[in-house]
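Single-structure report; data block below.
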Amino acid sequence: MISFPNAKINLGLYVTERREDGYHNLETIFYPLAMNDALEVVPAAKAKLHLSGKAIAGDEEKNLVWKAYQLLKQQYPDIVPPLDIYLHKSIPMGAGLGGGSADGAFMLRLLNDFCKLQLDDDTLAELAMQLGSDCPFFIYNKPCLAYGRGEQLHPIALDLSGYQIVLACPEVHVSTVEAFKTITPKPATFDLAGLHRLAVEDWRGKVQNDFEEAIFLQKPELKTIKEELYAQGAIYASMTGTGSAFYALFPSEAEVVVNMPLPGTIVRTGALSRR
Ligand code: C5P
């Protein structure tokens, strides 16, 4: 059985409070993108994770796909069988695109279907939260306003299917843990709950990602990426998540030519279309 975990972008991202548990309260909108990894499970004599595509740094045991498998295997030892798990990585990592979180959440969904566990989305989202703060969103996988650590999710009627979404991914890997250390929490300067009522043309200067300011201080050269996206006619451009990827919304009919000012790649994509 195969599935295709997709990336996300953050429309606005405000870090509003440091919590007692060491995490931070956020206000953001998660928006799913048509950009995918591939994840397949096949019955096997012994469980094993097979990786291909972009090289993943770090321990395989820490891979969220493996953790998701172990989580359900522990809960349902008689139902979840040994599996060959094939993960093909295409979504850039350390970029704020949520690829690792999507892989973990999609593994829960895949096992739920493959093993006929019949867990509903809310139960899967609770399990996903044990894998990481961004994982529950990928269980629902539709535009959502998010609060708390990112797990308090409210679907929002926001449709970007009429736009080209261009990603600019510099070869800069950002550690989420380190990114949060650079932030001084403060109240959100814009109420994202009203974003769907604001024309995309009016987002610039209003809808912000709090991590941009911190990363621009450390790596001022990243500013040139956002400037290039606006210079080429982006209606709105921002860093996603804790970075380092930037996205830009362009009119669907525009012939977009973006030159990456730093080493890295440009990826053309769009909103994830709902089936
Ligand atoms: O939840 P996850 O494991 O993805 O988080 C990785 C790290 O990012 C946490 O250990 C924490 O340092 C930071 N984080 C945070 N507040 C959040 C989400 C993540 O401080 N809401």
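The values are calculated or read from the model by the stated rules, or taken from the named source; none is laboratory data. Treat the numbers as computed from the prediction; the structure is a model and nothing was measured. Here the Cβ is made from the backbone with ideal geometry for all residues, glycine too, and neighbour counts use every protein chain on show.
Tabulated data
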| item | result |
| --- | --- |
| Filter pass, residue 157 being closer than 20 Å to residue 12 by Cα and in contact with a His (Cβ under 7 Å, 6 or more places away or on another chain) | yes |
| Residues of the stretch 46-63 that turn out to be within 21 Å of residue 175 (Cβ to Cβ) and surrounded by fewer than 10 Cβ atoms within 10 Å (Cβ to Cβ), as a count | 5 |
| Tally of residues being surrounded by fewer than 19 Cβ atoms within 10 Å (Cβ to Cβ) and either outside any loop (DSSP other than H, G, I, E, B) or in contact with a Leu (Cβ under 9 Å, 6 or more places away or on another chain) (or both) across the stretch 173-187 | 6 |
| Pairs with Cβ under 6 Å, 6+ apart, first in the stretch 130-142 and within 15 Å of residue 28 (Cβ to Cβ) and without any contact (Cβ under 8 Å) to a residue 40 or more places away in the chain, second near the ligand (Cβ under 10 Å from one of its atoms) and charged (D, E, K, R) | 136/151 |
| Odd one out for residue 74, checked against (1) on the phi < 0 side of the Ramachandran plot; (2) in contact with a strand residue (DSSP E or B) (Cβ under 9 Å, 6 or more places away or on another chain) | (2) |
| Failed condition for residue 252, given (1) modelled with pLDDT of 95 or more; (2) of a type in the set (S, T, N, Q); (3) touching a strand residue (DSSP E or B) at 6+ places or on another chain (Cβ under 7 Å) | (1) |
| Evaluation of residue 63 against (1) at pLDDT below 95; (2) in contact with an Asp or Glu (Cβ under 9 Å, 6 or more places away or on another chain) (one fails), failing number | (1) |
| Test: residue in the stretch 188-210 that is under 16 Å from the mean Cα position of the chain (by Cα), free of Cβ contacts under 8 Å to residues at least 40 places away in the same chain and away from the ligand (no atom under 16 Å from the Cβ) | no |
| Residues of the stretch 144-179 that turn out to be at pLDDT below 95, within 29 Å of residue 258 (Cβ to Cβ) and within 13 Å of the ligand (Cβ to nearest atom), as a count | 5 |
| Enumeration of residues in the stretch 188-240 that are assigned to a loop (DSSP other than H, G, I, E, B) and touching a strand residue (DSSP E or B) at 6+ places or on another chain (Cβ under 6 Å) | 188, 203, 204, 207, 234, 235, 240 |
| Residue match in the stretch 12-19 (condition: touching a residue at least 60 places away in the same chain (Cβ under 8 Å), under 29 Å from residue 211 (Cβ atoms) and under 14 Å from the mean Cα position of the chain (by Cα)) | yes |
| Tally of residues being in contact with a helix residue (DSSP H, G or I) (Cβ under 8 Å, 6 or more places away or on another chain) and modelled with pLDDT under 95 across the stretch 191-214 | 1 |
| Qualifying positions in the stretch 188-218 - touching a Gly at 6+ places or on another chain (Cβ under 9 Å) and either more than 21 Å from residue 29 (Cβ to Cβ) or exposed (fewer than 15 other Cβ atoms within 10 Å of the Cβ) (or both) | 206 |
| Residue within the stretch 126-133 that is closer than 25 Å to residue 271 by Cβ, more than 15 Å from the ligand (Cβ to nearest atom), surrounded by 13 or more Cβ atoms within 10 Å (Cβ to Cβ) and modelled with pLDDT of 95 or more present | no |
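For every residue, the table says whether it meets (1) farther than 20 Å from residue 150 by Cβ; (2) more than 15 Å from the ligand (Cβ to nearest atom).
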{"residue": "4", "(1), (2)": "yes, yes"}
{"residue": "13", "(1), (2)": "no, no"}
{"residue": "59", "(1), (2)": "yes, no"}
{"residue": "80", "(1), (2)": "yes, yes"}
